[in-house]
1. Please pick out the residue among Thr160, Thr210, Thr195 that is farther than 30 Å from Ser77 by Cα, hydroxyl-bearing (Ser, Thr, Tyr) and more than 20 Å from the chain's Cα centre (by Cα).
2. Taking the condition within 12 Å of the ligand (Cβ to nearest atom) and open to solvent by 20 Å² or more (accessible area, probe 1.4 Å), does Ala136 pass?
3. Looking at this structure, is Ala264 more than 14 Å from the ligand (Cβ to nearest atom), modelled with pLDDT under 95 and not aromatic (Phe, Trp, Tyr)?
4. Got a sec? Which of Phe134, Phe128 is closer than 17 Å to Arg237 by Cβ and touching a residue at least 24 places away in the same chain (Cβ under 8 Å)?
5. Among the residues of segment 44-70, how many are away from the ligand (no atom under 11 Å from the Cβ) and either within 22 Å of the chain's Cα centre (by Cα) or open to solvent by 30 Å² or more (accessible area, probe 1.4 Å) (or both)?
6. Among the residues of segment 203-226, are any free of Cβ contacts under 8 Å to residues at least 40 places away in the same chain and either closer than 27 Å to Val92 by Cβ or β-branched (Val, Ile, Thr) (or both)?
7. So, in segment 101-123, of the ones that are outside any helix (DSSP H, G or I) and out of contact with any Leu (no Cβ under 6 Å at 6 or more places or on another chain), which residue ends up most open to solvent (accessible area, probe 1.4 Å)?
8. Test Thr148 against the criterion of being under 14 Å from the mean Cα position of the chain (by Cα), β-branched (Val, Ile, Thr) and modelled with pLDDT of 95 or more, and give yes or no.
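The values are calculated or read from the model by the stated rules, or taken from the named source; none is laboratory data. If you're wondering where the values come from, they're calculated on a predicted model, not measured in any experiment. Here the Cβ is made from the backbone with ideal geometry for all residues, glycine too, and neighbour counts use every protein chain on show. Side chains included, ligands, DNA and RNA excluded: accessible areas come from the protein's heavy atoms. Shrake-Rupley method; radii C 1.70, N 1.55, O 1.52, S 1.80 Å.
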Amino acid sequence: MFLVIGATGTVGRETVNLLLESGHDVAAVTRDPTAAALPADAHIVAGDPSEPHTLTSMPDGVEAVLLSPRAAGSASSELLSQAAARGARRVVVLSAATVQHPVGHPRFIEEFKRVEAAARESGLSWTFLRCADFAANALAWAPQIRATGVVRGAHGGAATSPIHHRDLAEVAVAALTDPAHAGRSHLLTGPQSITQYEKVRLIGEAVDRTLTFQELAPEQVRRAMLAQGLPEDVPDRLLGSLADYADSPGPTTNTVERLLGRPALTFATWAADNSVAFTARTGTAAPALGGEGRA
Ligand SMILES: NC(=O)c1ccc[n+]([C@@H]2O[C@H](COP(=O)([O-])OP(=O)(O)OC[C@H]3O[C@@H](n4cnc5c(N)ncnc54)[C@H](OP(=O)(O)O)[C@@H]3O)[C@@H](O)[C@H]2O)c1
């Protein structure tokens, strides 16, 4: 039995599906089982992972845990103790490349370091998946692309090697099921360093439209995000890391290929897989701007 914390997230959902397809039992945690749309053959654990005492239906016989830092946050230690009491021996943390290649404000990196520390101190065998930015963050651009074909944002020249969540889920399954990954930190990126301009162009190729990135001043982006009601952390996190990636591109590794025995999936593949999200629908209002999702 594998316990997935963050089961309705980009990576968690794909990992649940892959585990079930391989014949494993899965316990999937969600705060809202009615909205979760998780597979019928997953054991649903209702509750809030950031308040572990709410996870009253966590089953016995848990072998390993996939842990989302965003979902568990400062409750990670307590959550891992609870999982260990149900039998867990291993934890795989969906951490961030910024732990190893710092960018942006240190407080956002500390969030991941604290969860890694909780895993190290849990007594479980641990594996850290230090992920580059998810290709799926570009879904934040979908409303503007559908409505106008123009993505408005800052630091268009910021370059990273975005990773397809399918690759992360396959590595997560390998780390959950194979104890050989114990004690290892995997720095996981996509295969190519690309700028935001290039991402927009590649989404355009996937939907057969010419799309453009319109450069705005970072302060303009910040003000617009706050005006949309987003908390200050969102522009702080986004703009801080983009500014650094504009100066110096994020890392590119061959870890996915080494671990999976096949090349990492490209951003173009991700865009083709998700082209429907960027296809025009009638009556969609254009937001003031859009940025990438959070790390
Ligand atoms: N996006 C990136 O570029 C990036 C890069 C590196 C690392 N990461 C990390 O990778 C992990 C996985 O990200 P993801 O996008 O797949 O999904 P996620 O952010 O982990 O969300 C997964 C699920 O966790 C629950 N959740 C979210 N916030 C929560 C909170 N504050 N308290 C309790 N539950 C919460 C929600 O499920 P329910 O509503 O069903 O309860 C959500 O659908 C995250 O920890 C993220 O920080 C992301």
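1. Details: Thr160 fails: more than 20 Å from the chain's Cα centre (by Cα); Thr195 fails: more than 20 Å from the chain's Cα centre (by Cα).
Thr210 is the lone residue from the list that is farther than 30 Å from Ser77 by Cα, hydroxyl-bearing (Ser, Thr, Tyr) and more than 20 Å from the chain's Cα centre (by Cα).
2. Numbers: within 12 Å of the ligand (Cβ to nearest atom): yes; open to solvent by 20 Å² or more (accessible area, probe 1.4 Å): no.
So Ala136 does not fit the description; no.
3. Details: more than 14 Å from the ligand (Cβ to nearest atom): yes; modelled with pLDDT under 95: no; not aromatic (Phe, Trp, Tyr): yes.
No, not satisfied.
4. Working: Phe128 fails: closer than 17 Å to Arg237 by Cβ.
Phe134 is the lone residue from the list that is closer than 17 Å to Arg237 by Cβ and touching a residue at least 24 places away in the same chain (Cβ under 8 Å).
5. Of the residues in segment 44-70, 8 are away from the ligand (no atom under 11 Å from the Cβ) and either within 22 Å of the chain's Cα centre (by Cα) or open to solvent by 30 Å² or more (accessible area, probe 1.4 Å) (or both).
6. The answer is no, given that none of the residues of segment 203-226 is free of Cβ contacts under 8 Å to residues at least 40 places away in the same chain and either closer than 27 Å to Val92 by Cβ or β-branched (Val, Ile, Thr) (or both).
7. Glu121
8. Values: under 14 Å from the mean Cα position of the chain (by Cα): no; β-branched (Val, Ile, Thr): yes; modelled with pLDDT of 95 or more: yes.
So Thr148 fails the test.
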